[in-house]
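Structure first, commentary second.
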Amino acid sequence: MTPYIGKSISRVDGVAKVTGKAKYAAEYFAPDMLYGWVISSAIAKGKITRIHTEAALQLPGVVQVFTHENRPSLAWFDVNYKDQDAPPGSPFRPLRDATILYSGQPITLVVAETLEVARFAATLVQVDYEEDDHETALEHNLHRAREPKSGVASLLKSPPPKPRGDFEKAFEAAPFQTTGQHIHSVEHHNPMEMFASTVVYEKDGKLTIYDKTQGAPNSQMYVSQVFNMPFSDVRVISPYVGGAFGSGLRPQYQLFLAVLAARELKRSVRVSLTRQQMFTFGHRPATVQNVSLGATADGTIDAIRHDAIGETSRFEDYFEIVVNWAGMLYPAPHVKFTYNLVPLDTFTPLDMRAPGGVTGVPALEMEVDELAHKLGMDPIELRLKNYTERDMNEDLPYSSKELRECFRQGAERFGWASRNPEPRSMRNGHTLVGWGMATGIWDATQGPARAEAVLTVNGKLRVTSATADIGTGTYTIMTQIAADTLGMPIEDVIFRLGDSNMPLAPIEGGSWTAATVGSAVKVACEALGKKLFKMAQKMKDSPFADAKWEDVWFSDAHILLKTNPYAAVSLLEIVGQNGGRAVSETATSLPNMLEQRKYARAVHSAAFVEVEVDEDFGTVRVTRAVTAVAGGRILNPKTARSQIIGGMVWGISKALEEESVMDHQFGRFMNHNLAEYHVAVNADIQDLDVIFVDETDTIVNPLGVKGLGEIGIVGMPAAVANAVFHATGKRIRSLPITLDKLL
Amino acid sequence: MQTTLSPETRADLAPSLPQKQAIKLTINGTVHHLELAPWTTLLDALREYLHLTGTKKGCDHGQCGACTVLVDGKRINSCLTLAVMKEDSDITTIEGLAAENGLHPLQTAFVEHDAYQCGYCTPGQICSAVGLMNEGQAKTIDDIRELMSGNLCRCGAYPHIVDAIREVMHIEPKS
Ligand code: FES
Ligand code: FES
């Protein structure tokens, strides 16, 4: 049998998705289910003085209207409201009291027999407020910037490293310098599926909850702690997630509201948010950055400074790694990095695809491009001149780093060699053509996880872990790993996820699921294999009576002696000896910290972009792009390519289109819908190409994978901006690059 | 966010919920009899009343295409259509595209080309592509890109979506 790992297998959940059978959170039903409709605050800061609910309550079909005045008493301490991705601070509690913390805050839940009645009744609720002055503009509040508070979350997100050398002096002395201020405003995840929770109220008061989440156990923990319910009374199920991109890393407020209503009314309840309400929780924080580079005439970068100020809410300190990347990419001896926060009257920001990375790296990579231009050096040559095999922040070697090969293969596929370095030198009719490139980087991490492997009485392998598949391909790659580990035909392997009853796995984020859950699946299958081997040894006339574990291997649903392929026992036969019962094993995989701590671990990419800019209208089109990725072992080239393509589309979308526009007079996002919050559409995307360069890594995890969820986006925005510079001679440091900035 | 009405208006509106009426919808060749108020959209009728949840809601505003279904062979946004308006039409949803025990060629092509990630926009993309083919206007890759731009895919599967549709339409890759 040839291994499945490394093969372009079509998604195992593909047929369910193309036939409409895949069910998402709002697609489960329960008898007599009620519908909740959320009312959002119209002001950004102040107090509710009165909520007039009488008219709504009189409407036939309305069951109850929940506000802060009639909600049940709930957990008192902040810690009960902390989820696995909670930043330091005091988590938002829906319906806590009359205080308004941000515009769009959920303040009332109308519950009715039908969706339409709940929606209509919500229009009958009138809210009186007492308004306070609010602050929502980052750029007007930079003077309030301060260091982020530290907490548990800082374990995973390291603060900026200490300065090295003497930046000021080295920068001063550098014959070639660049300095730029980079700005981008808030962005919202906007997965296609809106957040929803269907809470099924079981006869005994237990809850079965279908929730949109990147971690069913995270939602389970949240509900059980907030509502003081035993874990065993709360089951969260989430087999399909209609995109999330980080938005599902924290339980969203519809979960709280649906559970509250179900428990109070002792009936099943569904609460779905509207698209407008998808702009009323976490987002990518607006950030202002300053990047300075100083270099010698031969292109050696001596001095780097990167400062960033991001926004957060008044109640939590969300922070991300924005400024550390330069120390991982370039070996400059004199560096200084700072990162500070400004609390505003908005909701707490939330990890959004490549959080921090796609904020900081593009700013850095635009300045590197500018430096290359000033030096009269090719941008790839400049990067090669300043190539490092070590992460200078940690002063550790990379466990593997084939970025050089990304530059080479990417440039070749793109045809970089024929680029005229002069800005405005290339044309296609009346449009200006520009070619730009940039580097991408993201951490390759692994966490602990558990999985269970079961050989059923029919000889099928069933593997489970409470992870998620938000479109990433988890179902498929785990099936491949399980099939290979026990030598099973893939048709006989089923992998299930998204159920809090399953063995625990961490939230699916940060590109660590393939490594984390993949390793757990592997050890669970190995443990099952060992158990089956022991059972086979005890069988009558066993060919393995004297064999050791090292002497056998698994293929074609058999255990075989390595030395004698005819000495084989089928797995079906072994399970048949188990008295009509399945054979199962559960195992935990832990990262090998002792080994891993000796190395820096990261995935790298090189992005190449061609743009065409219409000089009269300032419109930018990305006509083609190539991304070369060094991502360790590629488990499934088909789904891997989709992840990178998806990241590239996000990068184009971010560079040219995405921006949540706030009217600071109201402290409210004004373009809170998909017609006005622009994301890339089909016609915006032309030829995209992906290269995976060979990269072997024995350190990152037993599978040698590095995770691909974020790396596709990281390099793109700078590559687009650099291409725009090459086309037009204009260096636009404020994203998105909309046409007004080019005219 | 919410709309607030003055107290007088509320008094007028409160007792006057729209009356439910018997309606008949023909979906995927099956006739369904429902009691629906006129304000129920075709999308909500499919999802909440008939439990045909293959048709997705991504915005409820006609801005994303996730709710695309075929009405008499034409693609429409079912969120912008009231169910009562479609009594005399033949409605096809993703659940009704495939011949028995098989897949529609577009469904096969979507699986083959990995033309999705999360799958949430997928039923709308596929129904929209059927509509596109019925319209007979798309001749090139660029036509497909343009005429499929009413269907957002936040996962960014566009290149693969185009590949899948192109293949079924027999349009050359570099046209
Ligand atoms: S749900 Fe109908 S177009 Fe978005
Ligand atoms: S596949 Fe996720 S939105 Fe298209």
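The values are calculated or read from the model by the stated rules, or taken from the named source; none is laboratory data. In this text, all values refer to a predicted model and were calculated from it rather than measured experimentally. Note: ideal-geometry Cβ built from the backbone for every residue, glycine included; neighbour counts use all protein chains shown. We work out accessible area using only protein heavy atoms, side chains counted, and drop any ligands, DNA or RNA first. Shrake-Rupley method; radii C 1.70, N 1.55, O 1.52, S 1.80 Å.
Before moving on, here are some points about what is shown:
- For peptides A:485-498, A:65-78, A:14-27, sequence by mean Cβ density within 10 Å, most packed first: A:14-27, A:485-498, A:65-78
- Summary of the geometry: the range A:508-541 and the range A:385-432, compared by the centres of their Cα atoms, lie 40 Å apart.
- The simple Förster model, with R0 at 22 Å and r as the Cβ-Cβ distance, assigns residue B:51 and residue B:22 a FRET efficiency of 0.70.
- For the range A:417-433, 3J(HN,Hα) computed residue by residue from phi via the Karplus equation (6.51, -1.76, 1.60; θ = phi - 60°) reads 4, 8, 6, 7, x, 5, x, 6, 8, 10, 9, 9, x, 9, 9, 7, 10 Hz, glycine and proline entered as x.
- Net charge of neighbours whose Cβ lies under 10 Å from the Cβ of residue B:131, counting Lys and Arg as +1 and Asp and Glu as -1: +1
- Rg/Rh ratio calculated on Cα atoms of the range A:320-420 (Kirkwood radius): 1.03
- For residue A:182, residues with placed amide H under 5 Å, excluding near neighbours: A:289, A:290, A:291
- Residue-count net charge about residue B:50 - beta-carbon cut-off 13 Å; Lys, Arg +1, Asp, Glu -1: -2
- Solvent-free Debye scattering, log10 I(q)/I(0), computed from the Cα coordinates of the range A:421-504 at q = 0.13 Å⁻¹: -0.56
- The protein assembly as shown, accessible area per residue, ligands and nucleic acids excluded (1.4 Å, Å²): 36 Å²
- Radius, Kirkwood style, for the range A:11-137 when every pair of distinct Cα atoms is counted (Å): 17.1 Å
- Alpha-carbon gyration tensor eigenvalues x 5, square-rooted, for chain B, Å: 34, 19, 13
- Cα centroid separation - the range B:115-175 against the range A:227-245, whole Å: 34 Å
- By DSSP, the beta bridges lying fully in chain A are antiparallel in about 75 percent of cases.
- Cα centre as origin, Lys/Arg/Asp/Glu Cβ charges: the range B:105-169 dipole, Debye: 140 debye
- More than 22 Å apart - percent of Cα-Cα pairs taken over the range A:141-287: 56 percent
- Accessible surface of chain A, 1.4 Å probe: 51 percent of it comes from carbon and sulfur atoms.
- Computed from phi, the 3J(HN,Hα) profile of the range A:110-120 under the Karplus parametrisation 6.51, -1.76, 1.60 (θ = phi - 60°) reads 9, 10, 9, 5, 10, 4, 5, 5, 4, 5, 5 Hz, with x in place of Gly and Pro.
- The calculated Kirkwood hydrodynamic radius for the range A:447-590 is 15.3 Å, given to one decimal from all distinct C-alpha pairs.
- Taking amide H as placed 1.01 Å from N in the peptide plane, residue A:660 has its amide H under 5 Å from the amide H of A:186, A:187, A:188, each at least 5 places away in sequence or on another chain.
- Extreme residue, positive dipole direction of the protein assembly as shown, given options A:640, A:600, A:1 (C-beta unit charges): A:1
- Student exercise, chain A dipole from Lys, Arg, Asp, Glu Cβ charges, in Debye to nearest 20: 1620 debye
- Each other residue within a Cβ distance under 14 Å of residue A:653 adds +1 if Lys or Arg and -1 if Asp or Glu, for a net charge of 0.
- Gain on full stretching of the segment that runs from residue A:592 to residue A:139 - 0.36 nm per residue minus C-alpha separation: 158.7 nm
- Taking one quarter of the surface of the convex hull spanned by the alpha-carbon atoms of the range B:105-169 gives a direction-averaged projected area of 3.6 nm².
- Computed from phi, the 3J(HN,Hα) profile of the range A:127-144 under the Karplus parametrisation 6.51, -1.76, 1.60 (θ = phi - 60°) reads 10, 9, 10, 10, 8, 10, 5, 10, 10, 10, 9, 4, 5, 8, 10, 4, 5, 8 Hz, with x in place of Gly and Pro.
- Buried on assembly, the range B:100-129 (at least 30 Å² less accessible surface than by itself, 1.4 Å probe): B:103, B:111, B:112, B:114, B:116, B:117, B:118, B:120
- With only Cα atoms counted, the range A:691-741 has Rg and Dmax values of 16.8, 50 Å.
- Long-range amide H partners of residue A:245 with built H, under 5 Å: none
- Those residues of the range A:673-713 for which accessible area with every protein chain present is at least 10 Å² below the isolated value (1.4 Å probe): A:673, A:674, A:675, A:679, A:680, A:681, A:682, A:683, A:685, A:686, A:687
- In the protein assembly as shown, taking the dipole from charged Cβ atoms about the Cα centre, the farthest positive-side position among A:46, A:205, B:150 is held by A:205.
- Rounded FRET efficiency, nearest 0.05, which uses the C-beta distance separating residue A:743 from residue A:147 and R0 of 51 Å: 0.85
- A protection proxy built from the mean count of other Cβ atoms within 10 Å ranks the segments B:45-55, A:689-699, A:275-285, most packed first, as A:275-285, B:45-55, A:689-699.
- Full-stretch length increase - residue A:206, residue A:457 - with 0.36 nm per residue and alpha-carbon distance subtracted: 87.2 nm
- Dipole of the protein assembly as shown computed with +1 at Lys/Arg Cβ and -1 at Asp/Glu Cβ about the Cα centre; of A:490, A:545, A:239, farthest Cα towards the positive end is A:545.
- Pairing chain A with chain B buries about 5800 Å² of accessible area. This figure sums both sides and uses a 1.4 Å probe.
- Whichever aspartates and glutamates have a C-alpha closer than 16 Å to that of residue A:730, once near sequence neighbours (fewer than 8 apart) are set aside: A:365, A:367, A:369, A:370, A:422, A:610, A:612, A:614, A:615, A:616, A:740
- Kirkwood Rh in Å, taken over the range B:18-96 so that all alpha-carbon pairs contribute: 12.2 Å
- Heavy-atom accessible surface of the range B:105-169: percent carbon and sulfur, 1.4 Å: 48 percent
- Within the range A:359-499, percent of DSSP bridges classed antiparallel, to nearest 5: 70 percent
- Take the Kirkwood radius over Cα pairs of the protein assembly as shown, plug it into Stokes-Einstein at 20 °C and 1.002 mPa s, and you get 74 µm²/s for translational diffusion.
- Protein heavy-atom surface of the range B:18-96, 1.4 angstrom probe: 49% of the accessible area is carbon and sulfur, with nucleic acids and ligands not counted.
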